[in-house]
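S.K.: After the structure tokens below, expect a handful of questions from me.
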Amino acid sequence: MIVHTTPFTRIALRIWSGAIIWAIHFTVIYGFAALACARGYADLKVLGMSLVTSGVLGATTLALVAALAIARRALRSGVESFETWMTAGVAGLASLAIVWEGLAAWFILPSCG
Amino acid sequence: MAADSGPAPLPSSLPNSLPRPPGELEALRRIWQPPRGFRLVTAINNTYIGVFYIGTAFLFFVLAGVLALLMRTQLALPENNFLGPNVYNQLFTMHGTIMMFLFAVPVVEAVAVLLLPNMLGARDLPFPRLSAFAFWAYFFGGISFFCSLFFGLAPQGGWFMYPPLTTTTYSPGIAEDFWLLGIGFIEISAIAGAVEIIVGVLRTRAPGMTLERMPIFAWAMLVFAVMVVFAFPAIILATALLELERAFDWPFFSPARGGDPLLWQHLFWFFGHPEVYIIFLPAAGMVSMIVPTMAGKPLVGYRLVVLALIGSAFLAFGLWVHHMFATGIPRLSLAFFSAASMAVAIPSAIQVFSWIATFAAGRTQMKTPALFILGFLFTFVLGGLTGVMVAVVPFDWQAHDTYFIVAHLHYVLFGGLVFPLFAAFYYWTPAVSRNALSERVGRWVFGLVFIGFNVTFFPMHVTGLAGMPRRVYTYAPGLGWDTLNLVSTLGAFLIAAGVLLFIVDVARRFRLSFENHAGNVWNAGTLEWLPNGYYANRSIPIVTSREPLWDQPNLAKDVEAGRYYLPGAPTGGRETLITSAIDAKPQWILQMPYYGWAPVTAALFTAACFLLLTVKLIPAALVCAVIAIAALVHWAWELDPGPSHPPVPIGGGITVPVYVTGPSSQSWSAMIVLILVSGALFASAVFSYLYLWTVSPEVWPPADALPDIGYAGAAALLLLLSSASVAYASAALSRDARGRALTALAAGVLLLVCASTVDAYAVWQTGLSPSATSYGAIVYTAFGLQAIYVAVVVFMAFYTLARARAGLLDRARRVTFDNTMLLWHYTVAQGLTGLLLVHGFPRFVP
């Protein structure tokens, strides 16, 4: 009989979860901004900001909350393993990248210039 | 959180006792002995393939370097007539292409093929014939591609081949086709290597080598291979699209018919930027192995370095547009990529600080490898800093396409790969050669290369800022570039002198030997320095720390005496131990193949097929394709040996099976990786569809001009039924109802083919032309891609049926069926997504 051990797919996805959230966030903000600009929605306002700015900031907030939640869960799991440390680390690094990239929408105006 | 953990305790007694039975070691030697004489080309041992691979990659480095010297000679003086513009264009195109595609990526795969099995404690990589095939495909493809230079058939479009310059309008002839087909083919070889590396690193580690105890180079190669899986399909699709435009006038890149040249740039750089990290991360992995040995201390911040490798890998996929800052993309979009380009400096810096801290913590042996590492640190950090400069959009607009960029990319690539590689050559030569390379000569090599490099490329920053564009074959005097160019040329010849001296050193000192090599001359701590032979280690050790040779006294002696796992060959053939992916517990024994002609034959005729397609000799290409497929089928027929041997003891009271099926098998893992590659390829096609729609919605048809939705519904239903049929076949095979299983499989083939036929008819009956608009082109491409997968799956189904007829398939021996089933379900999922895209998207998104 084969010795079945820790399930690889679950652990790998857990370690990569922060990076996956970063990838989704990056795709969404880039795709959304590109599409909104190409289709002429730059002037629409949402919450007093341009559609692009508010959309990107909204997506950034969601992604950041998700990445931080993963990091927090890993840190509080009480399991002191390499995999848990790496899950928290990747999610932490992803959080930094998400904030750094999303903040561009706050500073770059007009969004479609 | 826990700090990095120390060594784990060893079991109270080692798995096997002494004395070992007589003849055990001789049997191992006999079984793993490679062929002699001319038949050495049929060898598949990772040691030989690794050395062939490194030698070939280095040959391409030298050839591309010679091209660089010719270019620098031309640019030494203003208005020089040494080379004409056409030849110069060919040279810079071939220099970049060869360095990136035929040297940089292959050489790191080559080092991995050579070193990984020993470093992991395995006897070989899990698919040695695949490694051999990947190498020979690269060898034949690369040599043919290089020779195009001698026939005036080398392309002139630069290593990134931007259309419209590379379309038939501006580049008639077949030179660009050589590039497109050749590079597409070589990328397939790189992907084959990545499959091997992923499965090898995850499944063939020595017992006890958990993820946290893996050598950093293995981590780097794992990350490298995952990046190849997701990045390379984009360039394969890009080259296919450009070739389709050139050969059949499908207008993906022609704005007049709804195409866009920027689509090429997106696809190319989605591959091209990760490529920089695909090159750099393995080199960083080598550095992280060499620095602790030179310093005599474990790597400082191991976990942070692993985090940095993973972090660099994912951020690298968010950088591609920073090569396109000057293309008119909206500023906000540029800002996202600018920010990501700056963010990626964080993981790179983590590694740099780790290496500096490790040096600081120990007493460094200032030998040649250490000198090259210091040269790497100086050079790469400078390249990284200018990288942050060009990540700033306004600066990039000034420096774009000038010699500043040439300087930056060479500081990153030469600094980030070539210096670590020379360090690696000097460091690991004693592991595969009777002699180490000469320390005295090595210092001269380092001095010449380091000084030559900086004399060549540092002035180029200034030349670029002074306005000299890249890729000009000459320039007028008096622009302030004359002296700078002359200095750069002198530096280039200094580098050449260093490389030449290195070749002399290798010729004098390197004597290939896997049984009597110079050994652990550096007092390194990792497993590749264990005594070994053709069979790798005599027995497979239990690993309790990251530097087992430092932390486990007597390890080398006990491994060589056969006191650890699998000291012999209990099945009587080649074999290696498969362990679990996370915690490296022994699971089963993988029976491995012997050498043979199939891999080299398949590679030769696949390369010939691509070459003949380029020169439009279609019948000859078809003959070559048939021979290549026959060789592959011959090769595959010997796979899946079935439960031919009872479970065997490996020591320590552990008895493991020698054949498994399902998710635990190595073949299942490889198929999952292949499906990820396929998914990335299809995602690139979906991106292309959406991108073309974004830039040219006017060529998308209104809903009433689309095929009736009933066709899509029928095709979807047929696809789902075919998947259900195969799932039923799988269940029937498990119950040993073989007849029902094979009937269901055959029914599945019929349903799958019917689904594709319905879809083809739906598109065809609308009169849609692939050459009229980019919409037609991308729709037919999506259909064509699906048709290729259907053809492959149908071929696999017939192959499975043939094996069943030959009595080689049953409920226990079902790996072939499982492979077919996995790709089948993927093909159905891809087909359903394609239907949704082609038939649904234009209806729901006006």
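S.K.: Among the residues of the range B:255-263, are any at positive phi, open to solvent by less than 10 Å² (accessible area, probe 1.4 Å) and either more than 13 Å from every other protein chain (Cβ to nearest Cβ) or assigned to a helix (DSSP H, G or I) (or both)?
M.R.: For the range B:255-263, residues at positive phi, open to solvent by less than 10 Å² (accessible area, probe 1.4 Å) and either more than 13 Å from every other protein chain (Cβ to nearest Cβ) or assigned to a helix (DSSP H, G or I) (or both): present.
S.K.: Can you find even one residue in the range B:650-661 that is without any contact (Cβ under 8 Å) to a residue 40 or more places away in the chain and open to solvent by less than 60 Å² (accessible area, probe 1.4 Å)?
M.R.: no
S.K.: Among the numbered criteria (1) facing another protein chain (nearest Cβ under 9 Å); (2) modelled with pLDDT of 90 or more, which one does A:Ile21 miss?
M.R.: Just one mismatch for A:Ile21, condition (1).
S.K.: Without any contact (Cβ under 8 Å) to a residue 60 or more places away in the chain and either within 13 Å of chain A (Cβ to nearest Cβ) or charged (D, E, K, R) (or both): is that true of B:Leu332 in this structure?
M.R.: yes
S.K.: Only one of (1) part of a loop (DSSP other than H, G, I, E, B); (2) under 28 Å from the mean Cα position of the chain (by Cα) fails for B:Gly572. Which number is that?
M.R.: Unmet for B:Gly572, out of (1) part of a loop (DSSP other than H, G, I, E, B); (2) under 28 Å from the mean Cα position of the chain (by Cα): (2).
Matching residues to (1) modelled with pLDDT of 95 or more; (2) of a type outside the set (Val, Ile, Thr); (3) farther than 30 Å from B:Ala602 by Cβ; (4) not in a helix (DSSP H, G or I):
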position	(1), (2), (3), (4)
B:Arg72	yes, yes, yes, no
B:Glu79	yes, yes, yes, yes
B:Tyr88	yes, yes, yes, no
B:Thr93	yes, no, no, no
B:Val111	yes, no, no, no
B:Pro117	yes, yes, no, no
B:Ile143	no, no, no, no
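S.K.: On to the next question. Taking the residues in the range B:719-743 that are of a type outside the set (S, T, N, Q) and surrounded by 22 or more Cβ atoms within 10 Å (Cβ to Cβ) as candidates, determine which candidate is nearest to B:Gln830 (Cα to Cα).
M.R.: Residue satisfying both the conditions and the ranking: B:Leu719.
S.K.: Now for a separate question. Could you check the range B:300-314 and list, in sequence order, the residues that are open to solvent by less than 20 Å² (accessible area, probe 1.4 Å) and not β-branched (Val, Ile, Thr)?
M.R.: B:Tyr302, B:Arg303, B:Leu307, B:Ala308, B:Leu309, B:Gly311, B:Ser312, B:Ala313, B:Phe314
S.K.: A further question follows. Which residues, counting only those in the range B:32-61, are surrounded by fewer than 16 Cβ atoms within 10 Å (Cβ to Cβ) and more than 30 Å from B:Val504 (Cβ to Cβ)?
M.R.: B:Gln33, B:Arg39
S.K.: Starting from the range B:154-165, keep only residues that are more than 11 Å from B:Arg246 (Cβ to Cβ) and free of Cβ contacts under 8 Å to residues at least 24 places away in the same chain, then list their pairs with residues that are assigned to a loop (DSSP other than H, G, I, E, B) and open to solvent by less than 50 Å² (accessible area, probe 1.4 Å) whose Cβ atoms are within a distance under 7 Å, requiring at least 6 positions of separation or different chains.
M.R.: Short answer, once both residue conditions are applied: B:Leu165/B:Gly157; B:Leu165/B:Ser171.
S.K.: Filter the range A:47-69 down to the residues that are away from chain B (no Cβ under 13 Å) and either open to solvent by 70 Å² or more (accessible area, probe 1.4 Å) or not in a helix (DSSP H, G or I) (or both) and list them by number.
M.R.: Passing the criteria: A:Leu47, A:Gly48, A:Thr61, A:Leu62, A:Val65, A:Leu68.
S.K.: With open to solvent by 40 Å² or more (accessible area, probe 1.4 Å), assigned to a helix (DSSP H, G or I) and touching a residue at least 60 places away in the same chain (Cβ under 8 Å) as the only criterion, which of B:Arg29, B:Arg20 stands out?
M.R.: Exactly one residue qualifies, and that residue is B:Arg29.
S.K.: Let me confirm something: among B:Ala625, B:Ala556, which residue is of a type outside the set (D, E, K, R), open to solvent by less than 50 Å² (accessible area, probe 1.4 Å) and within 30 Å of B:Leu808 (Cβ to Cβ)?
M.R.: Exactly one residue qualifies, and that residue is B:Ala625.
S.K.: If the Cβ limit is 9 Å and pairs must be 6+ apart or interchain, which residue in the range B:335-352 that is more than 9 Å from every other protein chain (Cβ to nearest Cβ) pairs with which residue that is among the aromatic types (Phe, Trp, Tyr) and open to solvent by less than 10 Å² (accessible area, probe 1.4 Å)?
M.R.: As it stands, the answer is B:Ser348/B:Phe280, since those pairs meet every condition given.
S.K.: Return the only residue of B:Phe140, B:Phe151, B:Phe185 being in contact (Cβ under 8 Å) with a residue 60 or more places away in the chain, out of contact with any Asp or Glu (no Cβ under 9 Å at 6 or more places or on another chain) and surrounded by fewer than 23 Cβ atoms within 10 Å (Cβ to Cβ).
M.R.: B:Phe140
S.K.: Quick test for you: out of B:Ala636, B:Ala584, B:Ala628, B:Ala621, pick the one residue that is part of a helix (DSSP H, G or I) and within 30 Å of A:Ala12 (Cβ to Cβ).
M.R.: Just a single option satisfies the conditions, and that option is B:Ala636.
S.K.: Which fully enclosed helices (runs of 4 or more DSSP H) of the range B:336-433 have 2 or more residues being open to solvent by less than 10 Å² (accessible area, probe 1.4 Å) and over 30 Å from B:Gly55 (Cα atoms)?
M.R.: Counting at least 2 such residues, we get B:345-361, B:393-399.
S.K.: Out of all the residues in the range A:70-113, which are assigned to a loop (DSSP other than H, G, I, E, B) and either polar (S, T, N, Q) or open to solvent by less than 30 Å² (accessible area, probe 1.4 Å) (or both)?
M.R.: Of everything in the range A:70-113, those that are assigned to a loop (DSSP other than H, G, I, E, B) and either polar (S, T, N, Q) or open to solvent by less than 30 Å² (accessible area, probe 1.4 Å) (or both) turn out to be A:Ser77, A:Ser81, A:Ser111.
S.K.: Restricting to the range B:815-846, name every residue that is modelled with pLDDT under 95 and either among the basic types (Lys, Arg) or open to solvent by 50 Å² or more (accessible area, probe 1.4 Å) (or both).
M.R.: Residues satisfying the conditions are B:Arg843, B:Phe844, B:Val845, B:Pro846.
S.K.: Still on this model: Return only the number of the condition from (1) closer than 30 Å to B:Met209 by Cα; (2) within 8 Å of chain B (Cβ to nearest Cβ) that A:Arg72 does not satisfy.
M.R.: A:Arg72 satisfies all of (1) closer than 30 Å to B:Met209 by Cα; (2) within 8 Å of chain B (Cβ to nearest Cβ) except (2).
S.K.: A follow-up question, please. Going through the range A:84-113 one residue at a time, which ones are at the interface with another protein chain (Cβ under 7 Å from one of its Cβ atoms) and of a type outside the set (A, V, I, L, M)?
M.R.: A:Trp85, A:Gly89, A:Trp100, A:Glu101, A:Ser111, A:Cys112, A:Gly113
S.K.: Report yes if B:Phe270 is aromatic (Phe, Trp, Tyr), surrounded by 23 or more Cβ atoms within 10 Å (Cβ to Cβ) and within 14 Å of chain A (Cβ to nearest Cβ), otherwise no.
M.R.: Judged against the criteria, B:Phe270 is a match.
S.K.: Scanning for something of a type in the set (Ser, Thr, Tyr), over 22 Å from B:Ile236 (Cβ atoms) and touching a residue at least 24 places away in the same chain (Cβ under 8 Å), does the range B:818-825 turn up at least one residue?
M.R.: yes
The values are calculated or read from the model by the stated rules, or taken from the named source; none is laboratory data. Predicted, not measured: the structure shown is a model, and the values here were computed from it. As a convention, Cβ positions derive from the backbone with ideal geometry for all residues, glycine included, and neighbour counts pool all protein chains shown. All accessible areas refer to the heavy atoms of the entire protein, side chains included, with ligands and DNA or RNA removed. Shrake-Rupley method; radii C 1.70, N 1.55, O 1.52, S 1.80 Å.
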